[in-house]
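Down below is the structure, laid out as structure tokens.
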Amino acid sequence: MCGNNMSAPLPAIVPAARKATAAVSGAALGLGHGWAEAFAGIRTPHVKYICPHAPIMPVTLNMNMAMPSWFDIISLSPEAEEDESGIKRAAENIKALIDQEVKNGIPSHRIVLGGFSQGGALSLYTALTMHQKLAGVMALSCWLPLRSSFPQVSSNKDVHILQCHGEADPLVPLVFGCLTVEKLKSFVDPANVQFKTYPRMPHSSCPQEMMDIKQFIEKQLPPIN
């Protein structure tokens, strides 16, 4: 349903405890089941959580061996060549997943898009290039892809963004997060961008980050009375 080829299984879903009036599409969280479990621990009753699995594909950085990945990664240096066609193709698949939720009765402005690492990068790119308004974006331990040639931001110039990063991240260093937040503030209302860092947190999550995510979701997706 979501990915660059047919090797990705269907998303892991945490259903709403009552009628779903909003959704969190962890539409780029990578391995869906792990994040579905994390969301189950902070769930909000009226929110449906959708966590797709990244497809299996060869990745240059992984010596061209196959692994779960939304697009190819050539290098993790700031000036590395990027898989532009793969990023755009993956973003279209995420947009299709959001379109499906809209057809299911959840308007786009009641959907938060989020992702971790490469998934967070894809979430940012997707949110800032789509024509439907979103409730928010969660960008965890990631970067903004194609930032040097980023297209005109369409409908989400006022979107609220929660960006989180571990200060001890050895894989995607904190400087990536710092550069990203400054770039984001040139695209969207700076007052709507939160940047939270966590001491000693590596390329992973922590309880405080999960609580910050929960609060962000509850603020952007309040119950409908």
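The values are calculated or read from the model by the stated rules, or taken from the named source; none is laboratory data. The structure presented is a predicted model; accordingly, all values stated were derived computationally and were not measured. In this analysis, Cβ positions are derived from the backbone assuming ideal geometry, glycine residues included, and neighbour counts consider all displayed protein chains. Protein only, heavy atoms only, side chains kept; ligands, DNA and RNA dropped before computing areas. Shrake-Rupley method; radii C 1.70, N 1.55, O 1.52, S 1.80 Å.
Can you tell me the accessible area per residue over the chain, all protein chains present, probe 1.4 angstrom, in square angstrom?
44
Taking the Cβ of residue 43 as the centre, find all other residues whose Cβ is under 15 Å away and add up their charges (Lys, Arg: +1; Asp, Glu: -1).
Net local charge, residue 43 excluded: +2.
Measure off 7 Å from each Cα along the Cα-to-Cβ vector at residue 104 and residue 65, then give the distance between these two points in nanometres to one decimal.
3.5
When the chain is fully extended, how far beyond the present Cα-Cα distance does residue 210 get from residue 183, taking 0.36 nm per residue of separation?
Between residue 210 and residue 183, full extension yields an extra 7.3 nm.
With a point put 7 Å past each Cα toward its Cβ, work out how far residue 84 is from residue 146 in nm, to one decimal.
Modelled inter-label distance: 0.8 nm.
Once the other residues with Cβ under 13 Å from the Cβ of residue 175 are scored (Lys, Arg +1; Asp, Glu -1), what is the net sum?
Every neighbour counted, the sum reads -3.
For region 156-217, calculate the relative contact order in percent as a whole number, restricting contacts to Cα pairs under 8 Å that are 6 or more residues apart.
The normalised contact order for region 156-217 reaches 47 percent.
When the helices in the chain are scored as -39500 (n - 2.57) per DSSP H run of 4 or longer and the sum is shared across all residues, what 222 nm value do you end up with, to the nearest 500 deg cm²/dmol?
Computed ellipticity for the chain at 222 nm equals -10000 deg cm²/dmol.
Taking Cα centroids, how far is region 39-57 from region 149-179 in Å?
20
When the distances between all Cα atoms of region 132-180 are binned every 10 Å from zero, what whole-number percent does each bin get?
All Cα pairs, binned at 10 Å, distribute as 24, 47, 26, 4 percent.
By per-residue mean of other Cβ atoms within 10 Å, what is the highest-first order of 197-204, 75-82, 123-130?
Descending packing order for the listed peptides: 123-130, 197-204, 75-82.
Computed from these coordinates, which is Rg and Dmax of the Cα atoms in Å: (i) 16.0, 53; (ii) 23.8, 85; (iii) 18.5, 68?
Step by step, Rg and Dmax of the Cα atoms in Å for this structure corresponds to label (i).
Within the set of other residues whose C-beta is less than 12 Å from the C-beta of residue 83, count the net charge using Lys and Arg as +1 and Asp and Glu as -1.
Overall, the nearby charge balance is -2.
Identify all lysines with a Cα-Cα distance to residue 157 below 26 Å; exclude those on the same chain that are fewer than 8 residues away in sequence.
48, 88, 95, 103, 133, 183, 185, 196, 214, 219
Measure off, as a whole percent, the carbon and sulfur share of the 1.4 Å-probe accessible area of region 107-205, all protein chains present.
Its accessible area is 55 percent carbon and sulfur atoms.
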